[in-house]
1. Among the numbered criteria (1) within 15 Å of the chain's Cα centre (by Cα); (2) farther than 16 Å from Leu151 by Cβ, which single criterion is violated by Lys77?
2. For the stretch 96-113, name all the residues that are of a type in the set (Phe, Trp, Tyr) and not in a loop (DSSP other than H, G, I, E, B).
3. How many residues are under 27 Å from Ile181 (Cβ atoms) and outside any loop (DSSP other than H, G, I, E, B) when one looks only at the stretch 53-80?
4. Scanning for something in contact with an Asp or Glu (Cβ under 8 Å, 6 or more places away or on another chain), closer than 25 Å to Ile277 by Cβ, at pLDDT 95 or above and not acidic (Asp, Glu), does the stretch 88-109 turn up at least one residue?
5. I'm told Thr266 meets every condition in (1) in a loop (DSSP other than H, G, I, E, B); (2) over 20 Å from the mean Cα position of the chain (by Cα); (3) closer than 19 Å to Gly18 by Cβ except one. Can you identify the failing condition by its number?
6. Which of the residues belonging to the stretch 19-30 are buried (at least 18 other Cβ atoms within 10 Å of the Cβ) and either assigned to a loop (DSSP other than H, G, I, E, B) or touching a Ser or Thr at 6+ places or on another chain (Cβ under 8 Å) (or both)?
7. Hey, could you check the stretch 286-317 for residues that are in a loop (DSSP other than H, G, I, E, B) and free of Cβ contacts under 8 Å to residues at least 12 places away in the same chain and say which is nearest to Val119 (Cα to Cα)?
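The values are calculated or read from the model by the stated rules, or taken from the named source; none is laboratory data. Quick caveat, the model's predicted, so the values are computed rather than measured. Cβ placement follows ideal geometry from the backbone for every residue including glycine, while neighbour counts extend to all protein chains displayed.
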Amino acid sequence: MDKFILRNDDEMPALGLGTWKSTPKEVYDAIRDAIKIGYRHFDCAAFYGNEPEIGKALIDAFDSGDVIREDLWVTSKLWNNAHLKKDVRPALEKTLNDLKLDYLDLYLIHWPVALKPGVQFPSSANDFLSLDDVPTSATWKAMEACTKEGLSKHIGVSNFSIKKITELLGNCEIKPEVNQIELHPFHQQPAMLKFCNKENIVITAYSPLGSTDRPSQFKDPSEPSLLENPTIVEIANTNDLSTAQVLIRWAIQRGTAVIPKSVNPTRLKQNFDSATIPLSDEDMEKIARLEAKGRLLTGKFWDAPELGYTAATLWDE
């Protein structure tokens, strides 16, 4: 299994299990199955609404002797309604309580977007807080404090542009070690990959398979399918792989971590096996030509131009 060396020589496995959209019953079974298969990296978030069930699965796995805490890499994320400095630690403590853990391996700012406390998802511009009033730098200082207190060993960001990371790097004591972003053959983000490599920031790729089961408000019904793309299908058939295995291996071979979601035991095993199945240079070149800047999560659900939130300001593209 490929791994990334972070601060203090901690090792983050390149392949993890994503848990977004996994229902409570499904996610419990998926975590238990995944640990037995060999997964040691689990990607969680308060917003996903299933951290208590993940915590139960982890405790049961520990009690059954399947794994010990020190063998796992567990990531979670700060939701947008807890960006105020005073709210960061309580949000992290709730996540730790839900996950039944004493510490996280990695805690991320989920989005560079601030909502009012208590707002889970915005229904109007009135639900947002301006980043002038809640600057990311202030949220980050609270994240740093949590790290110093041992609540999370590492901190990072998610859905941050090069510009936003650069601004953060110029105003931080502990630099972000990970940026979790949408990354797949239709949206390859080569500039971000080059930038993060230069800054020694690990990229974690989410939605590597296209996230076809995500909620309708996050989805365009006309979007193309990664899993059914002719080039991906051809490479899969040539190598006797599933199309999901091709997509996962492509992400790892590019030098990024990747967190495909599944609750099916057979696909969990197939996805895990992808970590050690190399693609040829020719295969990688064919996939590189699929680049279409085709972002699946456009961020339109954060549109509040009166407070400075637009697609242009979100992605800085």
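1. (2)
2. Within the stretch 96-113, just Tyr107 meets the criteria.
3. Residues flagged as under 27 Å from Ile181 (Cβ atoms) and outside any loop (DSSP other than H, G, I, E, B) within the stretch 53-80 amount to 13.
4. No; the residues of the stretch 88-109 include none that is in contact with an Asp or Glu (Cβ under 8 Å, 6 or more places away or on another chain), closer than 25 Å to Ile277 by Cβ, at pLDDT 95 or above and not acidic (Asp, Glu).
5. (1)
6. Passing the criteria: Thr19, Trp20, Ser22, Val27, Ala30.
7. Asp303
The rows are residues; the columns are (1) among the aromatic types (Phe, Trp, Tyr); (2) in contact with a helix residue (DSSP H, G or I) (Cβ under 9 Å, 6 or more places away or on another chain); (3) surrounded by fewer than 18 Cβ atoms within 10 Å (Cβ to Cβ).
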residue: Thr231; (1), (2), (3): no, yes, yes
residue: Thr256; (1), (2), (3): no, yes, no
residue: Pro260; (1), (2), (3): no, yes, no
residue: Asn271; (1), (2), (3): no, yes, no
residue: Glu285; (1), (2), (3): no, no, yes
residue: Leu296; (1), (2), (3): no, yes, no
residue: Thr310; (1), (2), (3): no, yes, yes
